[in-house]
Amino acid sequence: MIQQLFRLKIALLVVLSIMLMVQPSLAAIETVAAQNDDVVWTAPGQEKARQRAQQIIPMVDKVKEEGPIRRSQRLHATELSIKDAKNTYFLLDSPFIKAQEDHYGPVRFNHGQHAAASGDCSICHHLRPADNSSYIGDSNHPETVRCSACHQQAFHPDYPERLGLKAAYHQSCTPCHQQQNKGPVTCSGCHLNKVPEHKQLVKLPEKPDALQVTAECLRCHEDEANDMLHTAHWQWRGPSGHTQDHSREIRHGKGTTALNNY
Amino acid sequence: MQLKRRSFFKLAAVGAATAISTPRSALAWQSKAPADAFGCLMDISRCIGCRKCEQACNAVNELPLPVRPFDDLSVFDEKRRPDATKFTVVNRYHSGRVDDDKGLPVADFVKIQCMHCQDPACVSACITGAMSKKSNGAVHYDADKCIGCRYCMVACPFEIPAYEYHNPLTPKVMKCTLCETLLSEQNKPPACATICPTEAITFGKRSTLLKLAKKRLHDNPGRYVDHVYGEKEVGGTSWLYLSNVPFAKLGFLKLPLKPLPRLPETLQHSLFSYLWSPALLFTLLGGVMYRNHKQQTLQHPEQPGDVS
Ligand code: SF4
Ligand code: SF4
Ligand code: SF4
């Protein structure tokens, strides 16, 4: 009984939070729709992340010289924790990288998830500015300035030993993902390929039915369709060990009786 | 040949006198290495073998697309060389290194291209001046001056210049340009350096890169082999390499530290150091021929049948 009540509470909480999340964006959509018929839905927080990604902050000139162990100890002593992180979700889409090349869409980076999993800020925030003046106003704390406070343009003549932002990302993300056996290690695992504008590409009759839409997708994406046939999304027959509380209940997946099975 | 012993000695004495009187400065070989050259430092320990550099090079130089796409990593199964359709290639080596955690063999990747030597053998071998070393460090090829003799291909110690054998009308020598147009017109680093995701390629002034390489060796004890390949090899190159694996295991040649053009150029220069030295030679030879001819005419007076 208590358990059921508990579940009900959780369910209510979930519904509430979804409503909270959706409502502001619905309001946003309405205002946009009033001016423009082409409504593009974006997740809440996306726009803010996009704006943050565009910011350029002055480059930190000197960093504090200390070994990695000392740094880790000092960071622990400050009692900085994940609760101090202002933002959880980041888009990695810096103008420093875009100025040189523009081959991929932005990378979505979940800062909260990474902070919680590592439990040690000094793994990524491996150095800090030598003094407190150069970061104030941007970051929560001088110990944890953002990557681009030090890593900016590659091959900077005044800081030849400093990695550019792109290399700083790749040199810390990839080896860690490999060592931890967690997270993507291939290019497309993190990078969305730049998707061309589909408005001109898609050709559909006035009121298309579902099959017509799928057929139109398949016109170009035959390989993707074949790939999809081998994934859990298509072959899923339930029950799934990963479906919390329902592991013995769901009997119909895409592979059997689910709707929309074309 | 009626050259008598005595006349031969006379000639030899003149020759010796010429050689002795040639000032020493003309004999001493002078390096023409630019002081302020740009270059690239390739850190093999950072390269992940993604082949993005090959792809960027292909695009910026408008080279034909390869049969196998750039994300096809099976090309690593064999060792490749730069050729007329690719100015740079990345090769995979298994040096016996093993991953500490997983116990699996670890691959190393080496990008090769023209080294843009400081005193290039190809420039020295080129008889028309089609190959030249620019002050910005690039070894530049001028197709308009090239007569297709391919001496540069023979001279290059790294076997880099390739020839467009498939092009019957206007064949060119093909090799990495150090992206000098990007550099001179847009002040941009080479395309391969810009695209590299891990900054395995660092672009900058050669002197800065040398300092940087030594700093990396100093700051990361045990990570690298204590050698900057290209610092001294063949008198120095604009592309420099750092490696975590002995260079000999990665296909790098052990080359002399003296610039290669030194010997042939010293010989040529002592022979042609002054315009008058070939002039003198030809005058002497002319004198010998005239005397021989006179002697022959004396010994064999004209035959009557010759007159018509
Ligand atoms: S590597 Fe070969 S082609 Fe390149 S500059 Fe040196 S000698 Fe010339
Ligand atoms: S410097 Fe330019 S031409 Fe040379 S390998 Fe790199 S991209 Fe190719
Ligand atoms: S782009 Fe960089 S990491 Fe990738 S293969 Fe080339 S040098 Fe190596």
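Taking B:ALA191, is it among the aliphatic types (A, V, I, L, M), under 20 Å from B:ARG80 (Cβ atoms) and within 9 Å of ligand 2 (Cβ to nearest atom)? For B:ALA191, the condition - among the aliphatic types (A, V, I, L, M), under 20 Å from B:ARG80 (Cβ atoms) and within 9 Å of ligand 2 (Cβ to nearest atom) - is met. For A:ALA115, the test of being at the interface with chain B (Cβ under 10 Å from one of its Cβ atoms), without any contact (Cβ under 8 Å) to a residue 40 or more places away in the chain and surrounded by 15 or more Cβ atoms within 10 Å (Cβ to Cβ) is failed.
A:HIS156 - would you say it is within 19 Å of the chain's Cα centre (by Cα), within 14 Å of chain B (Cβ to nearest Cβ) and surrounded by fewer than 16 Cβ atoms within 10 Å (Cβ to Cβ)? Criteria not met by A:HIS156. Scanning segment A:160-169 for residues that are more than 7 Å from chain B (Cβ to nearest Cβ) and in contact (Cβ under 8 Å) with a residue 24 or more places away in the chain, we see that the one that is farthest from the chain's Cα centre (by Cα) is A:LEU165.
Can you tell me which residues in segment B:91-110 are out of contact with any helix residue (DSSP H, G or I) (no Cβ under 6 Å at 6 or more places or on another chain) and within 16 Å of ligand 2 (Cβ to nearest atom)? Of everything in segment B:91-110, those that are out of contact with any helix residue (DSSP H, G or I) (no Cβ under 6 Å at 6 or more places or on another chain) and within 16 Å of ligand 2 (Cβ to nearest atom) turn out to be B:ASN91, B:PHE109.
Determine if segment B:93-108 includes at least one residue that is within 16 Å of ligand 1 (Cβ to nearest atom), in contact with a Ser or Thr (Cβ under 9 Å, 6 or more places away or on another chain) and of a type in the set (Val, Ile, Thr).
Restricting attention to segment B:93-108, the residues satisfying the condition of being within 16 Å of ligand 1 (Cβ to nearest atom) are none.
Looking for residues that are within 16 Å of ligand 1 (Cβ to nearest atom), in contact with a Ser or Thr (Cβ under 9 Å, 6 or more places away or on another chain) and of a type in the set (Val, Ile, Thr), one finds none in segment B:93-108, hence no.
Given segment B:1-75, what helices (runs of 4 or more DSSP H) lie entirely inside it while holding 3 or more residues that are in contact with a Cys (Cβ under 8 Å, 6 or more places away or on another chain) and modelled with pLDDT of 95 or more?
Passing ranges, in order: B:52-60.
Against the numbered list (1) surrounded by fewer than 22 Cβ atoms within 10 Å (Cβ to Cβ); (2) within 16 Å of ligand 2 (Cβ to nearest atom), B:ASN220 comes up short only at (2). Assigned by TED's automatic domain parsing to the domain that holds B:PHE247, among the β-branched types (Val, Ile, Thr) and at pLDDT 95 or above, is that true of B:THR170? Answer is no for this residue.
Residue-wise test of (1) within 11 Å of ligand 2 (Cβ to nearest atom); (2) surrounded by fewer than 19 Cβ atoms within 10 Å (Cβ to Cβ); (3) under 18 Å from B:LYS175 (Cα atoms).
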site: B:SER45; (1), (2), (3): no, yes, no
site: B:GLY49; (1), (2), (3): no, yes, no
site: B:ASN58; (1), (2), (3): yes, no, yes
site: B:ARG68; (1), (2), (3): no, yes, no
site: B:SER74; (1), (2), (3): no, yes, no
site: B:ARG81; (1), (2), (3): no, yes, yes
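Pairing each residue of segment B:196-224 that is within 11 Å of chain A (Cβ to nearest Cβ) with any residue that is part of a loop (DSSP other than H, G, I, E, B) and among the basic types (Lys, Arg), provided the two are 6+ apart or on different chains, yields C-beta distances under 9 Å for B:ARG216/B:ARG223.
Do we have B:LEU240 as within 20 Å of the chain's Cα centre (by Cα), within 14 Å of ligand 2 (Cβ to nearest atom) and within 14 Å of chain A (Cβ to nearest Cβ) here? Give the steps one after another, and end with the answer.
Working: within 20 Å of the chain's Cα centre (by Cα): yes; within 14 Å of ligand 2 (Cβ to nearest atom): yes; within 14 Å of chain A (Cβ to nearest Cβ): yes.
Answer is yes for this residue.
Determine whether segment B:92-101 contains at least one residue that is more than 21 Å from the chain's Cα centre (by Cα) and of a type in the set (S, T, N, Q). Checking segment B:92-101: at least one residue is more than 21 Å from the chain's Cα centre (by Cα) and of a type in the set (S, T, N, Q). Considering only residues that are under 26 Å from the mean Cα position of the chain (by Cα) and within 19 Å of B:LEU242 (Cα to Cα), look in segment B:50-74 and name the one that is farthest from ligand 3 (Cβ to nearest atom). Among those that are under 26 Å from the mean Cα position of the chain (by Cα) and within 19 Å of B:LEU242 (Cα to Cα), it is B:ARG51. The lone criterion from (1) touching a Phe, Trp or Tyr at 6+ places or on another chain (Cβ under 9 Å); (2) among the aliphatic types (A, V, I, L, M); (3) not in a loop (DSSP other than H, G, I, E, B) left unmet by B:LEU210 is number (1).
Conditions tested, residue by residue: (1) in contact with a Pro (Cβ under 6 Å, 6 or more places away or on another chain); (2) within 14 Å of ligand 2 (Cβ to nearest atom); (3) closer than 15 Å to B:THR88 by Cβ; (4) in contact (Cβ under 8 Å) with a residue 40 or more places away in the chain.
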site: B:LYS145; (1), (2), (3), (4): no, no, no, no
site: B:HIS166; (1), (2), (3), (4): no, no, no, yes
site: B:THR170; (1), (2), (3), (4): no, no, no, no
site: B:MET174; (1), (2), (3), (4): no, yes, yes, yes
site: B:THR181; (1), (2), (3), (4): no, yes, no, no
site: B:SER184; (1), (2), (3), (4): no, yes, no, yes
site: B:ASN187; (1), (2), (3), (4): no, no, no, no
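Would segment B:117-124 turn up any residue that is more than 16 Å from ligand 1 (Cβ to nearest atom), at pLDDT below 95 and out of contact with any Ser or Thr (no Cβ under 6 Å at 6 or more places or on another chain)? No, segment B:117-124 has no match at all.
With respect to B:SER135, determine if the residue is within 16 Å of ligand 1 (Cβ to nearest atom), surrounded by fewer than 23 Cβ atoms within 10 Å (Cβ to Cβ) and among the hydroxyl-bearing types (Ser, Thr, Tyr).
Working: within 16 Å of ligand 1 (Cβ to nearest atom): yes; surrounded by fewer than 23 Cβ atoms within 10 Å (Cβ to Cβ): yes; among the hydroxyl-bearing types (Ser, Thr, Tyr): yes.
Considered against the rule, which asks whether it is within 16 Å of ligand 1 (Cβ to nearest atom), surrounded by fewer than 23 Cβ atoms within 10 Å (Cβ to Cβ) and among the hydroxyl-bearing types (Ser, Thr, Tyr), B:SER135 comes out as yes.
Residues of segment A:196-233 that are under 23 Å from A:TYR104 (Cβ atoms), hydrophobic (A, V, I, L, M, F, W, C) and at pLDDT below 85: A:MET228 alone.
For beta carbons closer than 6 Å, sequence separation of 6+ or different chains, a first residue in segment A:39-65 that is assigned to a helix (DSSP H, G or I) and a second that is surrounded by 14 or more Cβ atoms within 10 Å (Cβ to Cβ), the qualifying pairs are A:ALA49/A:TYR89; A:ALA49/A:PHE90; A:ALA49/A:LEU91; A:ARG50/A:LEU91; A:ALA53/A:LEU91; A:ALA53/A:ASP93.
The values are calculated or read from the model by the stated rules, or taken from the named source; none is laboratory data. Since the model is a prediction, treat every value here as computed from it, not as a measurement. For neighbour counting, all protein chains shown are included, and Cβ atoms are generated from backbone atoms with ideal geometry for every residue, glycine included.
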